Amino acid sequence: MIIVREIAKSFGKVRAVRGVSLELAAGQIAGLLGPNGAGKTTTIRIITGYLPADRGDVSIAGYDTRREAMRARRLVGYLPESAPLYPEMTARAYLDHRGKLFSLERRRRTRAVEEVLERCRVGELASRRIGALSKGYRQRVGLAAALLHDPPVLILDEPTNGLDPNQIREARTLIRELAAERTMLLCSHILPEIERTCDRVIIMAGGRICADGTPESLTGAGGAPRRYAMEVRSNPSAGAGYTIGRLSGIAGVARIEATGEQPSDAAGGWTRLRVEGEPGAGDLREALAGAAADAGLFVRELRPERETLEEVFVRVVESGGGGNA
Amino acid sequence: MRGAWAIATREMGSLLRLPVGWVVIALFAFLSAVLFVNGTLTPGQPATMRYFFASASWLMLGVAPAVSMRLLSEELRSGTIEPLRTAPISDAAVVWGKYLGGVLFLGLMLVPTLVLPIVLWGVSDPKPDPGPVIAGYLSLMLVGMLYLAVGLLASALTSSQTLAFLGALMFLVLMMVLTGTVSQAEATPQWMARALAALSVQARARDMAKGVIDTGAVAFFLAGSAWFVLLATAALQSRRWR
């Protein structure tokens, strides 16, 4: 549905986007993550046709956003960051105006306006000036405007920006509902939001895509674990260093360390450890349990730990983005 | 075209929802009434509105940039330009729609002044000739349209309404000085004086205020307006590449 090929964009000497490529299939909901200045908003602006790319192409449902701009734009519903609206207009009048810009015929426009007002739960405040609405309601009006012409593609830039926790939950539910029938690209700083909402995560840094996959594949939930939490007991006088020394040297283990927080019965010889496996080492639980038994250590807990999306994000961003992962 | 019309009606509606719109209408109506009472409604004077139209075209110098200053600057400042330019509508339609909205507002602004020729009709004997009055209103509208187009260009160049207003005002005053004072100065070479005089807005407005509708003058105002609207479109398009 959305095909982006090798797009690049510079502002003066700043290279905001450097050769980004991605494809979103129909019905897919993808989250675009990245630190400030990663190039997310520029990428989104190029996809929506607001900015032209210096090089590369974007097509929406087969329509090139440069050569067939008007056709491509009709297929996209776009909520820009901070939902810019006309404060002097009422929500209903604004949506009606947007309907005119999308050439919706009067009867269809009136019906569409009422439908999106209802769907985005703005109905009761539809006759109030947008400038008098709370940020949360303004965000909803922006979302309603993006949905008005029933586009098959939705692009939302920070849709929960400035919302309170209740509103965020409502917005997330609405986005999930909308995603059932649309292709969606969602840009956000809020990682749990992306993790809960999207079935694909794209991480950008330095104008490039650094990681691209399902939340499970990125956090390692689908394959062999990379990290383990372990609680073992040794001689109380020996200490954590002794325990770590006895477990070191297992094939596939990259690092073992005592965690910052130790169990309440640490005085009895119990140590809480974090074990990190080498990439591709497979499941190390059996090896760890075996090595502990051989060393005379008693194990009361050994479980794999899933990397959070936040940790993946930090790791990927810090590693600096060396092209599409 | 439908998109441009939608933008024009929204713009006109917004100007009427904002205090600035009503302030401009009220100020123009008040100053017009002052000019009318002082210059036209004088016992013993012929029943003509020539003085009023000539002076009111000077008022347009400040009023038109005040109307145009927010047309694009406000969209650029508030970010509403983004949803506008990602809608299926061309940049040219956006700019023409904005311009048309401003022109509609100018037309509306002139409506309260229609009471002035009615008053003149009521109090004068012999009655005033309607031809020069119609020509005068046409000249006011054409002058306003040209100044509005200049203001629209200024508005496309900056996201600050104040800068857009001052930029347009300074350009119009500079043009007035060049085409008026400088073109008449003895030190100005003949060819330059002729070229500058040919660009004079005030001279054409004065002629039309006398009741002379010269198609050349009408073409001058319309072509000049279109030229500045096209420049505003180019200025808006160039923002995509910055």
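Hey, could you check region A:81-93 for residues that are more than 9 Å from chain B (Cβ to nearest Cβ) and in contact (Cβ under 8 Å) with a residue 40 or more places away in the chain and say which is farthest from residue B:13 (Cα to Cα)? Don't jump to the end; show me each part of the working.
Residues of region A:81-93 that are more than 9 Å from chain B (Cβ to nearest Cβ), as a first pass: A:90-92.
With the extra rule that they be in contact (Cβ under 8 Å) with a residue 40 or more places away in the chain, the set shrinks to A:90-91.
On the way: A:90: 12, A:91: 14 Å.
The selected residue is A:91.
When residue A:111 is evaluated against the numbered criteria (1) buried (at least 23 other Cβ atoms within 10 Å of the Cβ); (2) more than 9 Å from every other protein chain (Cβ to nearest Cβ), which criterion, by number, is the only one it fails?
(1)
Looking at the structure I just gave you, is residue A:43 crowded, with 19+ Cβ neighbours inside 10 Å and more than 8 Å from every other protein chain (Cβ to nearest Cβ)?
Numbers: crowded, with 19+ Cβ neighbours inside 10 Å: yes; more than 8 Å from every other protein chain (Cβ to nearest Cβ): yes.
Yes.
Might you check whether a residue that is outside any helix (DSSP H, G or I), under 19 Å from residue A:194 (Cβ atoms) and without any contact (Cβ under 8 Å) to a residue 40 or more places away in the chain occurs anywhere in region A:45-57?
The initial filter retains those residues of region A:45-57 that are outside any helix (DSSP H, G or I), namely A:49-57.
Still in the running and under 19 Å from residue A:194 (Cβ atoms): none.
No; the residues of region A:45-57 include none that is outside any helix (DSSP H, G or I), under 19 Å from residue A:194 (Cβ atoms) and without any contact (Cβ under 8 Å) to a residue 40 or more places away in the chain.
Exactly one of these conditions fails for residue B:46: (1) in a helix (DSSP H, G or I); (2) farther than 26 Å from residue A:82 by Cα. Give me its number.
(1)
Answer with yes or no whether residue A:104 is within 13 Å of chain B (Cβ to nearest Cβ) and either of a type in the set (Phe, Trp, Tyr) or in contact with a strand residue (DSSP E or B) (Cβ under 7 Å, 6 or more places away or on another chain) (or both). Break it down into steps so the answer makes sense when it comes.
Working: within 13 Å of chain B (Cβ to nearest Cβ): yes; either of a type in the set (Phe, Trp, Tyr) or in contact with a strand residue (DSSP E or B) (Cβ under 7 Å, 6 or more places away or on another chain) (or both): no.
Spelling it out, it is not the case that residue A:104 is within 13 Å of chain B (Cβ to nearest Cβ) and either of a type in the set (Phe, Trp, Tyr) or in contact with a strand residue (DSSP E or B) (Cβ under 7 Å, 6 or more places away or on another chain) (or both).
State all residues of region A:61-80 that are more than 7 Å from every other protein chain (Cβ to nearest Cβ), out of contact with any strand residue (DSSP E or B) (no Cβ under 6 Å at 6 or more places or on another chain) and either closer than 22 Å to residue B:79 by Cβ or in contact (Cβ under 8 Å) with a residue 24 or more places away in the chain (or both); if no residue qualifies, say none.
A:61, A:69, listed by residue number.
Does any residue of region B:56-70 turn out to be away from every other protein chain (no Cβ under 14 Å), of a type outside the set (Asp, Glu) and not in a helix (DSSP H, G or I)?
Checked against the condition, which is being away from every other protein chain (no Cβ under 14 Å), of a type outside the set (Asp, Glu) and not in a helix (DSSP H, G or I), region B:56-70 yields at least one hit.
Could you please give the count of residues in region B:1-33 that are crowded, with 19+ Cβ neighbours inside 10 Å, within 11 Å of chain A (Cβ to nearest Cβ) and over 19 Å from residue A:98 (Cα atoms)?
The number of residues fulfilling the criteria is 1.
Would you confirm whether any residue within region B:10-24 is under 13 Å from residue B:116 (Cβ atoms) and part of a helix (DSSP H, G or I)? Don't jump to the end; show me each part of the working.
From region B:10-24, those under 13 Å from residue B:116 (Cβ atoms) are none; that's our starting set.
Looking for residues that are under 13 Å from residue B:116 (Cβ atoms) and part of a helix (DSSP H, G or I), one finds none in region B:10-24, hence no.
Which of the residues spanning region A:178-192 are under 8 Å from the mean Cα position of the chain (by Cα) and surrounded by fewer than 19 Cβ atoms within 10 Å (Cβ to Cβ)? Show your work before the answer.
Initial filter on region A:178-192 (under 8 Å from the mean Cα position of the chain (by Cα)): A:186-192.
If the condition is that a residue be under 8 Å from the mean Cα position of the chain (by Cα) and surrounded by fewer than 19 Cβ atoms within 10 Å (Cβ to Cβ), then A:189, A:190, A:192 are the ones that fit.
For the structure I just gave you, tell me whether residue B:140 is part of a helix (DSSP H, G or I), buried (at least 23 other Cβ atoms within 10 Å of the Cβ), within 14 Å of another protein chain (Cβ to nearest Cβ) and at pLDDT below 95.
Numbers: part of a helix (DSSP H, G or I): yes; buried (at least 23 other Cβ atoms within 10 Å of the Cβ): yes; within 14 Å of another protein chain (Cβ to nearest Cβ): no; at pLDDT below 95: yes.
For residue B:140, the condition - part of a helix (DSSP H, G or I), buried (at least 23 other Cβ atoms within 10 Å of the Cβ), within 14 Å of another protein chain (Cβ to nearest Cβ) and at pLDDT below 95 - is not met.
Give the residue, chosen from A:37, A:31, A:56, that is surrounded by fewer than 24 Cβ atoms within 10 Å (Cβ to Cβ) and either within 16 Å of residue A:153 (Cβ to Cβ) or more than 19 Å from the chain's Cα centre (by Cα) (or both).
Values: A:37 fails: either within 16 Å of residue A:153 (Cβ to Cβ) or more than 19 Å from the chain's Cα centre (by Cα) (or both); A:31 fails: surrounded by fewer than 24 Cβ atoms within 10 Å (Cβ to Cβ).
Among A:37, A:31, A:56, only A:56 is surrounded by fewer than 24 Cβ atoms within 10 Å (Cβ to Cβ) and either within 16 Å of residue A:153 (Cβ to Cβ) or more than 19 Å from the chain's Cα centre (by Cα) (or both).
Which residues, taken from region B:85-106, are touching a helix residue (DSSP H, G or I) at 6+ places or on another chain (Cβ under 6 Å) and either of a type in the set (Ser, Thr, Tyr) or at the interface with another protein chain (Cβ under 9 Å from one of its Cβ atoms) (or both)?
Once the filter is applied, which keeps residues that are touching a helix residue (DSSP H, G or I) at 6+ places or on another chain (Cβ under 6 Å) and either of a type in the set (Ser, Thr, Tyr) or at the interface with another protein chain (Cβ under 9 Å from one of its Cβ atoms) (or both), region B:85-106 yields B:86, B:87, B:88, B:89, B:99.
Are there any pairs, at least 6 apart or on different chains, whose C-beta atoms fall under 7 Å, with the first in region B:25-48 and more than 17 Å from residue B:106 (Cβ to Cβ) and free of Cβ contacts under 8 Å to residues at least 12 places away in the same chain and the second among the aliphatic types (A, V, I, L, M) and buried (at least 16 other Cβ atoms within 10 Å of the Cβ), and if so, which?
Final answer for the pair search is none.
Is it the case that residue A:3 is surrounded by 14 or more Cβ atoms within 10 Å (Cβ to Cβ), out of contact with any helix residue (DSSP H, G or I) (no Cβ under 8 Å at 6 or more places or on another chain) and assigned to a strand (DSSP E or B)? Even if it seems obvious, please write down each step before you answer.
Numbers: surrounded by 14 or more Cβ atoms within 10 Å (Cβ to Cβ): yes; out of contact with any helix residue (DSSP H, G or I) (no Cβ under 8 Å at 6 or more places or on another chain): yes; assigned to a strand (DSSP E or B): yes.
Answer is yes for this residue.
Hey, among the residues in region B:202-242 that are within 14 Å of another protein chain (Cβ to nearest Cβ) and part of a helix (DSSP H, G or I), which one's nearest to residue B:58 (Cα to Cα)? Even if it seems obvious, please write down each step before you answer.
First, pick out the residues of region B:202-242 that are within 14 Å of another protein chain (Cβ to nearest Cβ): B:236-242.
From the residues that got through so far, the ones that are part of a helix (DSSP H, G or I) too are B:236-239.
Numbers: B:236: 29, B:237: 32, B:238: 32, B:239: 33 Å.
Only one residue fits best here, namely B:236.
Among the listed residues A:305, A:286, which satisfies the condition of being out of contact with any Cys (no Cβ under 9 Å at 6 or more places or on another chain), touching a residue at least 12 places away in the same chain (Cβ under 8 Å) and either surrounded by 14 or more Cβ atoms within 10 Å (Cβ to Cβ) or farther than 26 Å from residue A:237 by Cα (or both)? Step through it out loud before you land on a result.
Working: A:286 fails: touching a residue at least 12 places away in the same chain (Cβ under 8 Å).
Sole residue among the options that is out of contact with any Cys (no Cβ under 9 Å at 6 or more places or on another chain), touching a residue at least 12 places away in the same chain (Cβ under 8 Å) and either surrounded by 14 or more Cβ atoms within 10 Å (Cβ to Cβ) or farther than 26 Å from residue A:237 by Cα (or both): A:305.
In region A:112-124, how many are closer than 19 Å to residue A:160 by Cα and free of Cβ contacts under 8 Å to residues at least 40 places away in the same chain? Give the derivation first.
Start the filter on region A:112-124 by keeping residues that are closer than 19 Å to residue A:160 by Cα, which leaves A:116-122.
Still in the list and also free of Cβ contacts under 8 Å to residues at least 40 places away in the same chain: A:116-118, A:122.
Total satisfying the criteria: 4.
The values are calculated or read from the model by the stated rules, or taken from the named source; none is laboratory data. Owing to the predicted nature of the structure, the values given are computational and were not obtained by experimental measurement. Here the Cβ is made from the backbone with ideal geometry for all residues, glycine too, and neighbour counts use every protein chain on show.
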